[in-house]
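Reviewing the structure listed below.
The values are calculated or read from the model by the stated rules, or taken from the named source; none is laboratory data. These figures come from a predicted structure and were not determined experimentally. Here the Cβ is made from the backbone with ideal geometry for all residues, glycine too, and neighbour counts use every protein chain on show.
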Amino acid sequence: MAADDRLEYPATQRNRDVILDVLRGVLPSSGLVLEIASGSGEHIFHFANALPGLTFQPSDPEPDALRSIAAWTGHSGAANIRPPVQLDASADEWPVTTADAVLCINMIHISPWRATEGLMRGAARLLKTGAPLYLYGPYRQSGVATAPSNEAFDASLKQRNSEWGLRELDDVAALARNCGFSAPQIIQMPANNLSVVFRRA
């Protein structure tokens, strides 16, 4: 951890540039990007500095995360990061009512399924036709063998919380479709992760 309230996660350092490479081809050139479950705030810090034409709205349900996000935001000096808001993805109402894109990195497997249900409903409310919902993380895929490292990760998640664990991508895609999103664009990422891009239909 940094000397102030900034949390630091090694995984973010490893994946932020490969995610940014994908986002350059997914996000609009301008507008508001809402990140759900921003965690430490390191991703927003990195993306906002690389994509100055966009305004970023970080969010998280946890007070420690909100403090870390605010600290990273202050440290960055970036004018295109809004103050973080407390947001529970599973809630029926969000403190943000419109966005031009929604990001959600490494939340779906570390939260109850109802958070994914809420994410889809909320993103559908906020996004206009054609706007992207970007997901990143490990998934199970029909007809694709799950990597041993992901199987071990899944077991450790379920040991920590029985409502957590790797999700079937088909289940996530079906939920998205029922909420008014396109079929997913799937991009293979390092360390057996996926970028999954839905568009508001």
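Quick notes
- Every condition in (1) over 13 Å from the mean Cα position of the chain (by Cα); (2) buried (at least 18 other Cβ atoms within 10 Å of the Cβ) holds for P83 except the one numbered (2).
- If you go through the stretch 97-114 and pick out every residue that is more than 23 Å from N49 (Cβ to Cβ) and touching a residue at least 40 places away in the same chain (Cβ under 8 Å), you end up with 7.
Okay, residues lined up against (1) in contact with an Asp or Glu (Cβ under 6 Å, 6 or more places away or on another chain); (2) part of a loop (DSSP other than H, G, I, E, B); (3) not aliphatic (A, V, I, L, M):
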position	(1), (2), (3)
V22	no, no, no
V26	no, yes, no
G74	no, no, yes
L103	yes, no, no
T116	no, no, yes
M120	no, no, no
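- Restricting attention to the stretch 168-201 and to residues that are at pLDDT below 95 and among the aliphatic types (A, V, I, L, M), the residue that is farthest from R16 (Cα to Cα) turns out to be A201.
- Within the stretch 24-73, if we keep just the residues that are under 17 Å from the mean Cα position of the chain (by Cα) and of a type in the set (V, I, T), the residue that is nearest to D5 (Cα to Cα) turns out to be I69.
- A78 satisfies every condition listed in (1) at pLDDT 95 or above; (2) under 26 Å from V18 (Cβ atoms); (3) assigned to a loop (DSSP other than H, G, I, E, B) except (1).
- Positions within the stretch 152-167 being surrounded by 13 or more Cβ atoms within 10 Å (Cβ to Cβ) and under 24 Å from I19 (Cβ atoms), in sequence order: F153, D154, L157, W164, G165, L166, R167
- Set L133, L127, L103: member being crowded, with 21+ Cβ neighbours inside 10 Å and under 20 Å from S40 (Cβ atoms): L103
- Options D21, D88, D92; residue that is acidic (D, E) and over 30 Å from N192 (Cα atoms): D92
- Contact map, the stretch 121-132: first residue touching a residue at least 60 places away in the same chain (Cβ under 8 Å), second residue of a type in the set (S, T, Y) and assigned to a loop (DSSP other than H, G, I, E, B), Cβ cut-off under 6 Å, separation 6 or more or different chains; pairs are L126/T98.
- Residues that are more than 14 Å from E35 (Cα to Cα), among the aliphatic types (A, V, I, L, M) and in contact (Cβ under 8 Å) with a residue 24 or more places away in the chain within the stretch 71-96 comprise A71, A78, A91, listed in sequence order.
- The stretch 9-25 - residue that is touching a His at 6+ places or on another chain (Cβ under 9 Å) and within 16 Å of V102 (Cα to Cα) and, of those, surrounded by the most Cβ atoms within 10 Å (Cβ to Cβ): I19
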